[in-house]
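Visitor: Dropping the structure in here first, questions after.
The values are calculated or read from the model by the stated rules, or taken from the named source; none is laboratory data. Please read all numbers here as calculations on a predicted model, not as lab measurements. For neighbour counting, all protein chains shown are included, and Cβ atoms are generated from backbone atoms with ideal geometry for every residue, glycine included.
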Amino acid sequence: QVQLVESGGGLVQAGGSLRLSCAASERTFSRYAMGWFRQAPGKEREVVAGISWGGTTTRYADSVKGRFTISRDNTKKTLYLQMNSLKHEDTALYYCAADPRFVVGIRPNEYAYWGQGTQVTVPS
């Protein structure tokens with residue numbers, strides 16, 4: 001069972017930045033594809049970004065391309081999401097997810113393990 005714990009969320013003004021972290025318990029973290037998802041009130045969970053085992057392949061939602069960067073440190077078993085130029089529409093509960101697969105998934109049902117989420121709020 002993989003345990004994931006997100007941190008780094010908060011309230012930030014539009015145009016500001018935040019860096020989210022996701023610490024994993026799994027010692028074979030380096031063999032898991034990882035992803036960030038978000039869910040706003042009344043909306044479905046949507047992909048933000050995904051990253052492959054070694055970090056060589058990344059995928060982003062069109063809405064965050066050029067503003068967000070996903071990365072991972074396998075030695076620290078930690079996933080990151082650097083969020084710049086934040087907008088009100090980025091407000092959501094952000095989740096990290098893991099799956100023991102090589103291909104980077106972009107759908108929630110492609111990930112077996114989930115964290116509890118960290119809230120990001122960007123006031124309008």
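Visitor: Restricting to segment 65-84, name every residue that is among the polar types (S, T, N, Q) and either in contact with a strand residue (DSSP E or B) (Cβ under 9 Å, 6 or more places away or on another chain) or surrounded by 15 or more Cβ atoms within 10 Å (Cβ to Cβ) (or both).
Guide: If the condition is that a residue be among the polar types (S, T, N, Q) and either in contact with a strand residue (DSSP E or B) (Cβ under 9 Å, 6 or more places away or on another chain) or surrounded by 15 or more Cβ atoms within 10 Å (Cβ to Cβ) (or both), then Thr69, Ser71, Asn74, Thr78, Gln82, Asn84 are the ones that fit.
Residue-by-condition table, conditions (1) modelled with pLDDT of 95 or more; (2) of a type in the set (D, E, K, R); (3) within 17 Å of Arg67 (Cβ to Cβ); (4) surrounded by fewer than 22 Cβ atoms within 10 Å (Cβ to Cβ):
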| site | (1), (2), (3), (4) |
| --- | --- |
| Gln1 | no, no, no, yes |
| Gly15 | yes, no, yes, yes |
| Leu20 | yes, no, yes, no |
| Glu26 | no, yes, no, yes |
| Arg31 | no, yes, no, yes |
| Trp36 | yes, no, yes, no |
| Val48 | yes, no, yes, no |
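Visitor: Applying the selection to segment 33-69, what residues are closer than 18 Å to Gln116 by Cα, of a type in the set (A, V, I, L, M) and outside any strand (DSSP E or B)?
Guide: The answer is Ala40, and nothing else.
Visitor: Can you name every residue in segment 70-124 that is among the polar types (S, T, N, Q) and either at pLDDT below 95 or part of a loop (DSSP other than H, G, I, E, B) (or both)?
Guide: Asn74, Thr75, Asn84, Ser85, Thr91, Asn109, Gln116, Ser124
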